[in-house]
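These notes concern the structure reproduced below.
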Amino acid sequence: MDNDHLKDRLLLPSSRAAAAASANGPHHRRTAPAAGGGAGGVSIDVNGLKRRGGGRRSWVRVDAATGAAEAVEVAKPALMRRLDLPARDLRLLDPLFVYPSAILGRERAVVCNLERVRCIITADEALVLREQDAEEAVRRYVDELQRRLVDRADDLPFEFIALEVALEAACSFLDSQAIELEAEAYPLLDELTTKISTLNLERVRHLKSKLVALTRRVQKVRDEIEQLMDDDGDMAEMYLTEKKMRMEESMLNDEDLQGIGNNHSGFSASLSAPVSPVSTPPASRRLEKEFSFARSRHSSFKSSDSSQFNIEELEMLLEAYFVVIDYTLSKLTSLKEYIDDTEDFINIQLDNVRNQLIQFELLLTTATFVVAIFGVVSGVFGMNFEVPLFSVPHAFEWTLAITGVCGAVVFCCFLWYFRKRRFFPL
């Protein structure tokens, strides 16, 4: 009991919390405090999140040789070890995260995240991630890839065929969304120009937010394709079949050289005198030399990839879909310009109405001033004292006529001044 008490005193607070958590069992859930720091907190299953992040996921595997498709479940660490991919590349394909479109060429695989198609392409197979929200897109991708593998008419390697199908799916999907947005936008904008209402303005605001989001996605795909075309090294990394063939040839050459060396050493040993076993290098030393020799050959092979590969084939493929996605982006840009022009037209209309109201208010103010002249005259003659003018015949009529003429002259003078100052056209 004393030892436990002394151990608890020596432990840091974080260590005490960890010890308490381990004492509660493996299924204990950690609770994160609320943002305000209060006592109430939201329960977060950290172990569950770890299992979801590193657990098995469902993939559709398409074989490069036969085109056969099968559903497999592979864990993330197994993919990392099998394809020599870092965790940050596989994070692009994780449905728990929202990442923009990306195409990454690696030593043994091509990682593609193009809209609803998330796949890993190697020289021998294609692994397509299955998602609940994109089952139809995955099915169409697999069917199209199988059809092209069966009806293969050119000498494109498998990785380029799989990449082309992914690019075609992404470009066609984005283009269809752009066409739907255009079909919805132009009638709505024309209606807004004829009738400015709160409902139409709200619909245009929602439409513009959809346009901005779609333009950002199309721009990201276009930038990824353009970045690949501008970098010869990245395009050379995507020649997986050729790299695999050259690696196999280099390994065969290494084995042949090693066999010739062993035969030569055996023949020399048979002719020479017995050598002391102390002078023979140990097996670990020979293995280390072989590994260093293989690493040097592999590094030299990797550094010469960009100069040896003919990247024109891949560049032409990327350029074709770059034209398609650029046309989609131009349509969205034209739609955005049309929306901006409509907004400018509406602002001009509103400014025109505002100017008309100001002009009407100015006319009303001038008329009020003219009417005030009659009020001044009536106020003067309405005082309670005797005026000799009251006894003059027709004095009241003359007073009204003179006051009216003066008011009309004053009003005309104001209108002439407004016209001269160009406050409004008359």
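The values are calculated or read from the model by the stated rules, or taken from the named source; none is laboratory data. The model shown is predicted, which means the values in this text are computed figures rather than measured ones. Counting neighbours? That spans all protein chains shown, and the Cβs are built from the backbone with ideal geometry, glycine included. Quick note on the areas: whole protein, heavy atoms, side chains included, nothing else; ligands and nucleic acids left out. Shrake-Rupley method; radii C 1.70, N 1.55, O 1.52, S 1.80 Å.
For Phe390, the conditions (1) open to solvent by 100 Å² or more (accessible area, probe 1.4 Å); (2) modelled with pLDDT under 75; (3) in a loop (DSSP other than H, G, I, E, B) all hold with the exception of (3).
In the condition set (1) closer than 16 Å to Ala65 by Cβ; (2) out of contact with any Gly (no Cβ under 6 Å at 6 or more places or on another chain), Leu149 is compliant with all but (2).
When the criteria are applied in full, Tyr417 fails the requirement of being touching a Leu at 6+ places or on another chain (Cβ under 9 Å), of a type in the set (Phe, Trp, Tyr) and open to solvent by 50 Å² or more (accessible area, probe 1.4 Å).
Answer yes or no as to whether Ile373 is within 30 Å of Gln177 (Cβ to Cβ) and either open to solvent by less than 50 Å² (accessible area, probe 1.4 Å) or not in a helix (DSSP H, G or I) (or both). Here the answer is no, as Ile373 does not meet what is asked.
Would you mention how many residues in the stretch 51-68 are modelled with pLDDT of 85 or more and either assigned to a loop (DSSP other than H, G, I, E, B) or crowded, with 18+ Cβ neighbours inside 10 Å (or both)? Counting residues in the stretch 51-68 that are modelled with pLDDT of 85 or more and either assigned to a loop (DSSP other than H, G, I, E, B) or crowded, with 18+ Cβ neighbours inside 10 Å (or both) gives 9. Looking for whichever is in contact with a Lys or Arg (Cβ under 8 Å, 6 or more places away or on another chain) and either outside any loop (DSSP other than H, G, I, E, B) or open to solvent by 80 Å² or more (accessible area, probe 1.4 Å) (or both) here; the options are Leu329, Leu335, Leu357. Which one fits? When all the criteria are applied, what remains is Leu329.
Answer with yes or no whether Leu364 is under 60 Å from the mean Cα position of the chain (by Cα) and either among the aromatic types (Phe, Trp, Tyr) or within 30 Å of Leu188 (Cα to Cα) (or both). Here the answer is no, as Leu364 does not meet what is asked. Among the residues of the stretch 358-366, is any of a type outside the set (Phe, Trp, Tyr), at pLDDT 85 or above and closer than 30 Å to Arg205 by Cα? Yes - at least one qualifying residue is present in the stretch 358-366.
With respect to being closer than 30 Å to Thr194 by Cα and at pLDDT below 85, Pro425 fits the description.
Test Ala75 against the stated conditions and say whether it is in contact with a strand residue (DSSP E or B) (Cβ under 7 Å, 6 or more places away or on another chain), over 29 Å from Asp151 (Cα atoms) and small (Gly, Ala, Ser).
Working: in contact with a strand residue (DSSP E or B) (Cβ under 7 Å, 6 or more places away or on another chain): yes; over 29 Å from Asp151 (Cα atoms): yes; small (Gly, Ala, Ser): yes.
Here the answer is yes, as Ala75 does meet what is asked.
Conditions tested, residue by residue: (1) under 30 Å from Val221 (Cα atoms); (2) in contact (Cβ under 8 Å) with a residue 60 or more places away in the chain.
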position	(1), (2)
Lys331	yes, yes
Thr342	yes, yes
Gln349	no, yes
Leu364	no, no
Val370	no, no
Ile373	no, no
Met383	no, no
Phe390	no, no
Thr399	no, no
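Given the criteria over 16 Å from Ser330 (Cα atoms), within 20 Å of the chain's Cα centre (by Cα) and either modelled with pLDDT under 95 or not basic (Lys, Arg) (or both), does Leu167 qualify? In short, yes.
Taking the stretch 393-408 as the range and being in a helix (DSSP H, G or I) and either loosely packed, with under 11 Cβ neighbours inside 10 Å or of a type outside the set (A, V, I, L, M, F, W, C) (or both) as the test, the residues that pass are Glu397, Thr399, Thr403, Gly404, Val405, Gly407.
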